[in-house]
Amino acid sequence: MAIRFTVNGAAREIDVDPEKPLLWALREDLGLPGTKFGCGAGLCGACTVHLDGAAIRACLTPVGSVEGQSITTIEGVAALDAGRRVGEAWHTLDVPQCGYCQAGQIMSAVALLTEVPDPDDAAIDAAMAGNLCRCSTYVRIRAGIKAAAKSRGAAA
Amino acid sequence: MTAAMLSRRRFVGASLLAGGGLMFELAVPIAAHAADGAEPRLLTAFIRVLPGNRFVIGGKNAEIGQGAKTSLPMMIAEEFDVDWDQVTVEQTHADQSLFGAQSAGGSRTTAREWLPMRQAGAAARQMLVMAAARKWNVPEDGPTTASGMVKDRRSGRSIAYVDLAPEAAMLTPPDPSALKLKDPAQYRIIGKPIPGVDTPAIVAGKPLFGIDVAQPGLLHAVLETCPAVGGRFKSANLDTVRALPGVRHVLTITGNGEAESLLDGVAILAESFWAANKARESLEVAWDDSAQAGFSTESYAAQAATALGAKAASEVLRKGEPDAAFAAAARTVEARYDYPFLAHGTLEPQNCTALFKDGALEIWAPTQNPENGRGLVAKALGIAPEKIRINLTRIGGGFGRRLMNDYMVQAAAIAAKVPGTPVKLLYTRQDDFRRDFYRPAGWHAFAAALDGEGKVTAFRDHFVGFGTGEAPVRAGELPGAMVPANLVDAVLLEQDLLATNLPTGWLRAPGSNALGFVSQAFLDEVAEAAGKDLPSLMLDLLGSPRALAGEGRGPAFHTGRARGVIEKVVAMADWQGRGKLPKGRGKGFGFYFSHAGYFAEVVEVSVADGQVKVHEVWAAGDVGSQIVNPLNALHQVQGSVIEGLGQALAGQKITQVAGVVEQANFDTHPFQRIDATPKINVEFVITDNPPTGLGEPALPPVIPALVNAIHAATGKRVRSLPVDLA
Ligand code: FES
Ligand code: FES
């Protein structure tokens, strides 16, 4: 069955089982492997993408359910102002260690900053607690979100 | 390096690149690192000098987040005398005959590579200086270098490295050991905070990891193995599964009985991972697990209790006169400690891609230990090692899990059954938890003898671990050189070893992650009995600065370096002022020496309603004279501290019923989350010792510091992990 939706601003159409999780549709059918598989059960956040701007877990989202909607992945998030700022902060502070969780961390951080432009530690912890970092880069994730918040309004 | 060694190597030297530029391949002898047990080898480092005076430096070690893909090229670039922003790093493939050891384990990389990497850079630089001197007809000691340029101050001439390519290509590399290396005061790259070379690609979501490997015609494989590790295949409904949508092959894999290599399994190959894994839901396998079904967490605990109540099966170490010292003690302190099996839970599940074609194998593997994998694959499949090419991908977390290469052998065994088709094997999270090489559980009955002055006169540990006969399992040894056994005159270490079907392995700071907890938490009890605090007791035990022999080929232990970090952290954490903390709040201390690194740490907690909150951690470490990359060094210590806190507080344990591991995902084997992350203060004590690694030594002390803090806050001793104050 053909399923149509928008990915990173571009119209896409794939013919797969609508039950297939969005995670695997992105990775296997749409050539976007930046979104990662960590647990397949909504427990780690590695697969976080945006559905119409909100952070969702792609491993638990049947691709058929996003028909007609708009998905943003790590490959396209830098096109958002908050995405660009988070990316820059992540680079400057060298947030990643192994890097595997970071696509999910960045997607959750961008969703947070879009909703709460200047979050405090409690807001950061609440928004990011679903994203596991096995390397424990949490000190820098907090700092990265604050740095990205601070650079709001700064020129691209 | 002798001429004979040089001539054995085809490419050593500099050669012109097609399209302009220059390729240096420089062989530098690397001293055998004692703990590797390896012969001295040659290391080939490569540097490509490209048009535009840009430089590509080979990164030879697998990157698991420990930072070696950045730090080793930094060492080369420093002595090559180029600017870091002129450099890009290219991951090499696995070939220890070319690159020397490429494993990422034991925090050994920094110590092993520190000299040869700098020598390789210096040798390449020297060739460019020689080339310029010839071109300009000046003495070789005249020209200087900076930022990829050779300059001659007297004549004011300067030339880019790339423009010296024709002349340099004619030269023979100098003897690296005869080169003068930079004075550290002149460093412009080493010692500077440098972000990871892959950080921009990670942030952009580029395919870097093993799971991202793409090949034309690739099939996706899932592998079912016996839930009780080691069970044998009997039968399965293979034809039913073959008929399911997307499924291309269903194969039985006959193992060799070794978990490190290959166990029996059923592989499902499909056009997508999802299709393969969905088909797996219909797979029904009958296993023979009669040899495994008797193993359980409950039975281990019962056997350990029995063993600790009886005379130990064997002595590991008897030093001095422990029996006499205990008989003469003014006071004896005794306590029992234990800790569970743990899983690694790397966030990228184990995976490997393999293609078998024309009798040769090509492998793409996120492995910490590629040559071990090559050997296992060669042996299991009967393929000559030189017919196996291993490409190294970035690795989504190692922590020691990927020192094992079972997933590589499995992928190769599956690929060998479908020649010409590349196959990517991927574990589900449940596979990853069930097919781990676990940190082994252990039980310790400690005793310490105190004399009338509160001095420790004897130390005893009756350890119950796992093993066969007197041989402990991997990562389950009781080392005679552990602190405090190496500091006390009369010592008795003895052990009983239980059988298990669970394969065990190295988890970040193996051995030490458990022994640090039990020994330093017990010593906190001893200190209390002696009317002291633990830092003071440790300083008493350490005595005057001197080197004590290490375990086997392990590093020596220097009491002065231990004193240095203890004194440092006591000052950093305002240890003496801890009496001013409010009720329900406390500070605890822990010290440990592991992987050649010295760390002392203080943890501050508060406890309310049985809930522990960690507020702040102070860590002081001594890993020698030079922190290669301070940014990454800080990451390693932060990561180790949080991981250690998680082992104690997140509720981690692997339990087993009827041979089968019960935990299947991050809900039942949790790791620390951002909301449990305290403030972490890190300082390094710089001493005149060769630099050593930082991936592990900061982890062990944080666990005893935590439980000692819980005691300070509540009066309760935590003698079993994970922490449960209910
Ligand atoms: S893979 Fe989706 S939450 Fe872990
Ligand atoms: S950086 Fe490794 S899991 Fe987060």
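Got a number for carbon plus sulfur as a percent of the stretch B:3-203's accessible area, 1.4 Å probe?
Details: 4220 of 8050 Å².
Roughly 52 percent, rounded to a whole number.
Taking loop as defined by DSSP and a crowding limit of 15 other beta carbons within 10 Å, which GluC sites (Glu not before Pro) in the stretch B:402-492 fit?
In loop regions of the stretch B:402-492 (DSSP not H, G, I, E or B), the sparsely surrounded GluC sites (Glu not before Pro) are B:Glu453, B:Glu470.
Buried by at least 30 Å² relative to the chain on its own: which residues of the stretch A:70-115 qualify, computing accessible area with a 1.4 Å probe on protein heavy atoms?
Residues meeting the cut-off: A:Ile74, A:His91, A:Asp94, A:Pro96, A:Gln97, A:Cys98, A:Tyr100.
What residues from the stretch B:624-646 fall in the zone where the backbone N is under 20 Å from a label point 7 Å along the Cα-to-C-beta line of A:Ala129?
Counting backbone N atoms under 20 Å from the label point, the list is B:642-646.
Go ahead and estimate [θ] at 222 nm for chain A from helices alone: -39,500 (n - 2.57) per DSSP H run with n ≥ 4, summed, over the residue count, rounded to 500. Show your work: numbers first, answer last.
Working: 4 runs with 47 residues, N = 156.
Helix contribution divided over all residues of chain A: -9500 deg cm²/dmol.
Using a 1.4 Å probe and counting only protein heavy atoms, arrange B:Met23, B:Met538, B:Met170 so the residue with the most accessible area comes first.
Output order, biggest surface exposure first: B:Met170, B:Met23, B:Met538.
Need one word for the stretch A:38-84: rounded, prolate or oblate. Basis is the Cα gyration tensor (sqrt eigenvalues a ≥ b ≥ c); a/c below 1.5 gives rounded, then a/b vs b/c decides.
Because a/c hits 1.5 or more and a/b fails to exceed b/c, the stretch A:38-84 counts as oblate.
How about the stretch B:235-294: which trypsin sites (Lys or Arg not before Pro) there lie in a loop by DSSP and see at most 12 other Cβ atoms within 10 Å?
Sites meeting the loop and neighbour criteria: none at all.
Can you work out the accessible area per residue across the protein assembly as shown, with the rest of the protein chains kept in place, probe 1.4 Å, in square angstrom? Walk me through the numbers on the way to the answer.
Working: 31590 Å² over 882 residues.
Heavy-atom SASA per residue in the protein assembly as shown reads 36 Å².
Let me make sure I get this right: for the protein assembly as shown, a, b and c are the square roots of the gyration tensor eigenvalues over alpha carbons, sorted descending. Under 1.5 in a/c it's rounded, otherwise prolate if a/b > b/c, else oblate. Which is it?
In terms of gyration-tensor shape, rounded.
Tell me the GluC sites (Glu not before Pro) within the stretch A:15-91 that lie in a loop according to DSSP and have at most 11 other beta-carbon atoms within 10 Å.
Those satisfying the criteria are A:Glu19.
Any chance you could look up the accessible area of A:Glu13 with a 1.4 Å probe, heavy atoms only, rounded to 10 Å²?
Rounded to the nearest 10, the figure is 110 Å².
Given 0.36 nm per residue, what is the gain on full extension from B:Ala305 to B:Arg134 after removing their alpha carbon distance, in nm?
Stretched fully, the B:Ala305-B:Arg134 segment lengthens by 53.8 nm.
Just read off the accessible area of B:Leu634 with the full protein assembly in place, 1.4 Å probe, to the nearest 10 Å².
So the heavy atoms of B:Leu634 present about 60 Å² to solvent.
How high is the relative contact order of the stretch A:41-156? Use alpha-carbon pairs under 8 Å, at least six apart in sequence, and give a whole percent.
Values: 155 pairs, mean separation 37.5, N = 116.
Computed value for the stretch A:41-156: 32 percent relative contact order.
Pop the C-beta distance of B:Ser97 and B:Ala529 into the FRET formula with R0 = 51 Å and round what comes out to the nearest 0.05.
0.35
What accessible surface, in Å², does a 1.4 Å probe find on B:Val56, ignoring ligands, DNA and RNA and rounding to the nearest 10?
10 Å²
Order B:Lys182, A:Lys20, B:Lys417, most accessible first, counting only protein heavy atoms with a 1.4 angstrom probe.
Ranking B:Lys182, A:Lys20, B:Lys417 by accessible area, largest first, yields B:Lys417, B:Lys182, A:Lys20.
Give the distance, in whole Å, between the Cα centre of the stretch B:151-178 and the Cα centre of the stretch B:92-107.
The stretch B:151-178 and the stretch B:92-107 have Cα centres spaced 30 Å from each other.
Quick one: grab the alpha carbon gyration tensor of chain B, order the square roots of its eigenvalues as a ≥ b ≥ c, and give me rounded if a/c is under 1.5, else prolate or oblate depending on whether a/b is larger than b/c. Provide the component values of the computation, followed by the final result.
Working: a/c = 2.01, a/b = 1.18, b/c = 1.70.
It is oblate, given that a/c is not under 1.5 and a/b is not larger than b/c.
Residue by residue through the stretch B:656-669, which ³J(HN,Hα) values in whole Hz follow from phi under the Karplus form 6.51 cos²θ - 1.76 cosθ + 1.60 (θ = phi - 60°), with glycine and proline marked x?
9, 10, 6, x, 9, 5, 7, 7, 10, 7, 6, 7, 9, 10
Mind ranking A:Thr114, B:Thr144 by accessible surface for me, highest first, 1.4 Å probe?
A:Thr114, B:Thr144
Round to a whole angstrom and tell me the spacing of the C-alpha centers of the stretch A:84-140 and the stretch B:674-689.
For the stretch A:84-140 versus the stretch B:674-689, the Cα centre distance is 21 Å.
I'd like the Karplus ³J(HN,Hα) series for the stretch B:379-385: coefficients 6.51, -1.76, 1.60, θ = phi - 60°, whole numbers in Hz, and an x wherever there's a Gly or Pro.
Taking θ as phi minus 60°, the curve returns 6, 5, 9, x, 10, 5, x Hz for the stretch B:379-385.
Relative contact order for chain B: what percent, with Cα pairs under 8 Å and sequence separation of 6 or more?
Averaging sequence separation for qualifying contacts and normalising by length gives 13 percent for chain B.
Just the number, please: carbon plus sulfur as a percent of the accessible area of the stretch B:302-456, 1.4 Å probe, no ligands or DNA/RNA counted.
50 percent
The values are calculated or read from the model by the stated rules, or taken from the named source; none is laboratory data. These numbers were taken from a predicted model, which means no experiment stands behind them. All Cβ positions, even for glycine, are placed from backbone atoms using ideal geometry, and neighbour counts span all protein chains on display. The area values use the complete protein model at the heavy-atom level, side chains included, leaving out ligands, DNA and RNA. Shrake-Rupley method; radii C 1.70, N 1.55, O 1.52, S 1.80 Å.
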